[in-house]
Amino acid sequence: TWKMPIMPDHREAVKGKVADIVNSTGKAWGGACTAAAFLENFVEKGIKWAHIDIAGPALFGKKATGHGVSIVVEYLRSRSQQN
């Protein structure tokens, strides 16, 4: 497996001035690593988790296509039935 690199700069980027953390850095492209730095705040230590960055392919212009979402849902369903 490949671990998405979450560097100190990514963690710094999600620190808020008013709130503890922010989900938007104000940059046009947030970056998958910065998004992962935001999400890691909601996962207990020791829990395996994944950030699946499908936002880009899920959009066509200003319209949502949902591309990739159904694939992820079906994969998770199949995994849950195996256990």
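The values are calculated or read from the model by the stated rules, or taken from the named source; none is laboratory data. Fair warning: this is a prediction, and the values are worked out from it, not measured in the lab. No Cβ is skipped: glycine too gets one built from the backbone with ideal geometry, and neighbour counts run over all protein chains shown. With ligands, DNA and RNA removed, areas are computed over all heavy atoms of the protein, side chains included. Shrake-Rupley method; radii C 1.70, N 1.55, O 1.52, S 1.80 Å.
What to note about this one:
- Selection of segment 1-22 for residues being open to solvent by 80 Å² or more (accessible area, probe 1.4 Å) and either among the hydrophobic types (A, V, I, L, M, F, W, C) or farther than 25 Å from Ile71 by Cα (or both) yields Trp2, Met7, Pro8, Asp9, Arg11, Glu12, Lys15, Lys17, Val18, Asp20.
- Any hit, segment 40-47, residues being open to solvent by 50 Å² or more (accessible area, probe 1.4 Å), β-branched (Val, Ile, Thr) and out of contact with any Pro (no Cβ under 8 Å at 6 or more places or on another chain): yes
- Residues considered: Ala36, Ala50. Of these, the only one that is at pLDDT 80 or above, out of contact with any Ser or Thr (no Cβ under 8 Å at 6 or more places or on another chain) and in a loop (DSSP other than H, G, I, E, B) is Ala50.
- Top-ranked residue of segment 25-36 - restricted to ones that are surrounded by 11 or more Cβ atoms within 10 Å (Cβ to Cβ) and on the phi < 0 side of the Ramachandran plot, ranked as farthest from the chain's Cα centre (by Cα): Thr25
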